[in-house]
1. Quick one: what Rg and Dmax do you get for the stretch 1-145 from the alpha carbons, in Å?
2. Averaging sequence separations of C-alpha pairs under 8 Å and six or more residues apart, then dividing by the length of the stretch 4-161, give the relative contact order as a whole percent.
3. Could you please report the charge total around GLN145, scoring K, R as +1 and D, E as -1 over all other residues with beta-carbon less than 12 angstrom from its beta-carbon?
4. Report, in whole Å, the centroid distance computed from the Cα atoms of the stretch 127-161 and the stretch 51-114.
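Read-outs: derived from the displayed coordinates by stated rules, not from any lab. Keep in mind it's a predicted model, so treat the numbers as computed, not measured. Neighbour counts are summed over all protein chains in view; Cβ atoms, including those assigned to glycine, are modelled from backbone coordinates with ideal geometry.
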Amino acid sequence: MAATLVLVRVDDRLIHGQVTVAWGAWLEPDRIVLVNDEVAGTPWRRDLYAGSDTLGAAVSVVGVDEFCAAARDDWWDGERIVVVVESPADLLRLVECGLAVPSANVGGMHFSPGKRELVPYVFVNDRDVADLRAVVRHGVRLEAQDVPQSVPVDLAPLLERA
């Protein structure tokens, strides 16, 4: 029995209150997997996130290639997992490695110079738009939704105008 992806989320803050308290309480995952090469490759950052208080969910911090291998080898067999990536580029890499992602949550991509607003909590640059469009072409439904109580917004039409 393979792991069940209960949420795949793009969030540039990675593991924080919205992920652990809002989504964690709502979905009750067994594990939160932070997938990011930079964090996984930096011991102090990896340890900081791995020690996060996640209301009882285990935390794993892995790079993108390691996650793809783990998914193929059923590392988290039988667990309900939340996957958090920092960027659309990381999400695209997961989809391209063959991870079956029917839908992904874009929950927090904050303003920085050169980014424009799609919805009040999702700001994108040209690279983000290109990566998100590529994810959609792979058949993934993208929904902007910061917390479970918010109404999800289909990002595909917004990306076409971005």
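1. 14.3, 44
2. Values: 275 pairs, mean separation 43.5, N = 158.
Taking the mean separation of contacting Cα pairs over the length of the stretch 4-161, I get 28 percent.
3. On the way: positive: ARG9, ARG141; negative: ASP11, GLU143, ASP146, ASP154.
The answer is -2.
4. Cα centroid of the stretch 127-161 versus Cα centroid of the stretch 51-114: 16 Å apart.
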